[in-house]
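What follows is a short report on a single structure.
The values are calculated or read from the model by the stated rules, or taken from the named source; none is laboratory data. Because the structure is a prediction, the values reported are computed rather than measured. Note that each Cβ is placed from the backbone with ideal geometry, even for glycine, and that neighbours are counted across all protein chains shown.
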Amino acid sequence: MKKTLATFIFGALVGVPAGAFLWYAFSPLLFDEVVVESLTEAEVVASGTFRDADRAHQGQGIATLVALPGGGHEIQLSEFQVTNGPDLEVWLSAHPDPASSSDVADNPWVGLGQLKGNIGDQAYSVPADVNIADFQSVVIWCEQFGVLFSPAALSPPS
């Protein structure tokens, strides 16, 4: 009886935290968060197409850096979709075309906020003190695990 109780207690002490972590890390893969924001018509400064970072972290859609009519800039994501995950953020990266997590982490970046949803049109304000000329790509980044989910290299309109 004591051995059964000790096994149960040990299983609970190990199983509950492990189960909670696994739910936190992998449950976003089971659910999509759809966002439908109205995107402001503005002057296009640069744009790029999201692509897969690898087989597990996939993305598609358009990232557009726009100059707003009243001043300031924002990143607009349109026709956007990315593999869902924990703690996803939208970053501007100085790397011109990141292909790996180290390409992003080893270069200057600025966070624009938590990803609002893994599917749909959405916009993110660029802080006024950011020199947009210093940044050449938009990335979807998992802050919790330091992983690149999807990059979009920005280039001026042609």
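Summary of values
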{"read-out": "Candidate set: the range 107-147, residues that are in contact with a strand residue (DSSP E or B) (Cβ under 6 Å, 6 or more places away or on another chain) and among the acidic types (Asp, Glu); chosen: the one modelled with the lowest pLDDT", "value": "Glu143"}
{"read-out": "Matching entry among Val104, Val110 (being without any contact (Cβ under 8 Å) to a residue 60 or more places away in the chain, of a type in the set (Val, Ile, Thr) and over 16 Å from Gly48 (Cβ atoms))", "value": "Val110"}
{"read-out": "Leading residue by the ranking (nearest to Glu89 (Cα to Cα)) among those in the range 135-158 that are in a loop (DSSP other than H, G, I, E, B) and among the aromatic types (Phe, Trp, Tyr)", "value": "Phe145"}
